[in-house]
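Let me begin by presenting the structure, written as structure tokens, before commenting on it.
The values are calculated or read from the model by the stated rules, or taken from the named source; none is laboratory data. Nothing here was measured: the structure is a model prediction, and the numbers come from that model. All Cβ positions, even for glycine, are placed from backbone atoms using ideal geometry, and neighbour counts span all protein chains on display. All accessible areas refer to the heavy atoms of the entire protein, side chains included, with ligands and DNA or RNA removed. Shrake-Rupley method; radii C 1.70, N 1.55, O 1.52, S 1.80 Å.
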Amino acid sequence: MVNELLGGALIGLAAAGLWLGIGRISGMTAVISGLFAWPEVQRRWVYAFIFGLMLAYPAFYALGGSSPISITSNKTLLISAGLLVGFGTYIGNGCTSGHGVCGMGRFSLRSIIATCTFISAGMATVALMNLIGGAL
Amino acid sequence: MKTMSLSKLLAALVCGFIFGLGLLLSGMNDPAKVRAFLDVFGAWGPELIAVMGSAVVVFAIAFKLSGRMVKPLFAHAFHEPSLKQIDLRLVGGALLFGIGWGLVGLCPGPALVDIFSGNTDVLLFVAAMLVGNRVAHYAIGPAK
């Protein structure tokens, strides 16, 4: 549980740093949308943010850490999930970071409702998949 | 002016890096752990609550502190999200996102962090996620 609390604190610290440093919310959805808005000088910070984010994996391993991942290899599932996540987060203006961490930290009613909705939908999806016997 | 934009980019780089380390240390970059949290009727793993709870508390303190600041350290203004409405768009979007999240166990942050994990399934998910983002942008457009 220590790693979870410390890891969460680091996430909170990063979000705090981005807010106090450059006045931006650490929302991955806005960051991804920002990638496609490259001529806008105001949003160029997203490239630096994503670059830092992607560097974390190799750095973590270089420092002796290990955080293996286990993911389905079902291509249909991966593509459908990716499309739903990309589409849904754009429409709902946020995901686990923007609504879940920053929005809840701002006590935003919108973010609290969004977070409860996507967690419930995720739980229902996993329950349903288990119910049909992991046939997918 | 030039120094400020450089500091801004550097701050974003460092924050992205720390954000990623946090996800890795907490293990939330692993889709299996996220799906375990969502599996309330099965082998439930509550770890995500500790991660999110801890992150929310730290950010909430910083957000409160910023109320006393005129502007951020390296930029001219705080960009607080302006949307306030609770509508079908918000709930519908969160619902679709939640379904996709449950299917594989990846949300945008961990998906980006795992790009260099060497796992090609993650890359397929990321590609589809970027397509989904653009489809929503061109078909529906930004919320106002």
query = In the range A:37-116, carbon and sulfur make up what percent of the accessible area (probe 1.4 Å)?
reply = 69 percent
task = Tabulate in residue order the Karplus-calculated ³J(HN,Hα) for the range A:21-29, using 6.51 cos²θ - 1.76 cosθ + 1.60 with θ = phi - 60°, rounded to whole Hz; enter x for Gly and Pro.
result = x, 10, x, 10, 7, 7, x, 5, 5
task = Would you calculate the separation in nanometres between label points at A:Asn3 and B:Ser7, each defined as 7 Å from the Cα along the Cα-to-beta-carbon direction?
result = 3.7 nm
Relative pair counts by distance (%), Cα atoms of the protein assembly as shown, 5 Å bins = 1, 6, 13, 18, 21, 19, 12, 6, 2, 1, 0, 0
request  = Measure of size requested: the Rg and Dmax of chain B, with Cα atoms as the atom set and Å as the unit; please supply both.
outcome  = 17.8, 55
query = If you average 1/r over every pair of different alpha-carbon atoms in the range A:1-44 and take one over that average, what Kirkwood value in Å do you get?
reply = 11.8 Å
inquiry  = From the gyration tensor of the Cα coordinates in the range A:51-136, what semi-axes in whole Å does the equivalent ellipsoid have, largest first, with each one equal to sqrt(5λ)?
reply    = 24, 23, 13
key: Nearest-0.05 FRET efficiency for B:Ala43 and A:Tyr61, computed from C-beta distance (R0 22 Å)   = 0.20
inquiry  = As I understand it, the value is the acute angle between the Cα axis of helix A:75-91 and the longest principal axis of the Cα atoms of chain A; what does it come to in degrees, rounded to 10?
reply    = 50 degrees
message = Please list log₁₀ I(q)/I(0) at q = 0.16, 0.23 Å⁻¹ for the range A:1-118, using the Debye equation with identical point scatterers on the alpha-carbon positions.
response = -0.98, -1.44
task = Treating the angle as unsigned and between 0 and 90°, give the value, to the nearest 10°, between the Cα long axis of helix B:2-26 and the longest Cα principal axis of chain B.
result = 30 degrees
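Heavy atoms only, probe 1.4 Å: what % of the accessible area of chain B goes to carbon and sulfur, would you let me know?
73 percent
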ask   = Using alpha carbons only, how many degrees (0 to 90, rounded to 10) separate the axis of helix B:88-104 from the longest principal axis of chain B?
value = 50 degrees
request  = Ignoring ligands, DNA and RNA and using a 1.4 Å probe, state the total buried accessible area between A and B in Å², rounded to the nearest 100.
outcome  = 9300 Å²
Förster radius 22 Å - calculated FRET efficiency between A:Phe51 and A:Asn74, Cβ distance, rounded to 0.05 = 0.15
message = Over the Cα atoms of the range B:14-91, what radius of gyration and what Dmax do you get, in Å?
response = 16.7, 49
request  = Based on the mean of other Cβ atoms within 10 Å per residue, sort peptides A:117-123, A:103-109, B:19-25, B:118-124 so the most packed one is first.
outcome  = B:19-25, A:117-123, A:103-109, B:118-124
query = For the range A:3-71, what is the accessible area per residue in Å² when the probe is 1.4 Å?
reply = 40 Å²
inquiry  = Using helices alone, I'd like the mean residue ellipticity at 222 nm for chain A: each DSSP H run of four-plus residues gives -39500 (n - 2.57), total over residue count, nearest 500.
reply    = -21500 deg cm²/dmol
inquiry  = Could you report the range B:1-113's accessible area per residue, 1.4 Å probe, as an integer in Å²?
reply    = 46 Å²
